[in-house]
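A.B. asks: Just dropping this structure here.
Every number in this text was worked out from the coordinates using simple rules, so none of it is lab data. Remember, it's a predicted structure, so these values are computed and weren't measured experimentally. Note that we place each Cβ from the backbone using ideal geometry, even for glycine, and neighbour counts take in every protein chain shown.
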Amino acid sequence: MRNKLLIGALISASTIALTHPALADAQNPIASGAAMAWQCAPCHGTNGQEFLEAMPPLAGMPVEQFTKAMIAYREGTRPAIIMDRVARGFTDAEIDAMAVWFEKQPVKQWENTSLNEAQEINNKTETQATGGQK
């Protein structure tokens, strides 16, 4: 009987130890690509739609191009003034999420985007991020 109790306790402890990281991940999911992409707005414009010579637009950028650039910045293999420091703050999963979001944004200068269009984009991304629940 004593051995059965000991084995049962060991199995319970092992199960808890193995599932604990999974519980932590479930409680702390990454932010949506849209939420993280708003951090890019000061330089690259709202929804990545800035068209300045020094700041390329991110809207419509192919996933692979965005991902390669961000990883190169993060690893220090692409010259940068600021982007190397910015990119170090993101994981691969977060970079992928932003890449997917930016690729879906219309390639259009922000100043030519109406307030209604901006609100529609925001509503879509919020709905996608919450799975249709508000």
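A.B. asks: Using R₀ = 22 Å, calculate the FRET efficiency as 1/(1 + (r/R₀)^6) where r is the Cβ-Cβ separation of Ala31 and Ile82; round to 0.05.
C.D. replies: For Ala31 and Ile82, the calculated efficiency is 0.60.
A.B. asks: May I pose another question? Need the full-extension length gain, Glu120 to Cys43, defined as separation in residues times 0.36 nm minus the C-alpha distance. One decimal, nm. Please report the intermediate quantities before stating the final value.
C.D. replies: On the way: separation 77, 0.36 × 77 = 27.72 nm, distance 2.19 nm.
Fully extending the segment from Glu120 to Cys43 adds 25.5 nm.
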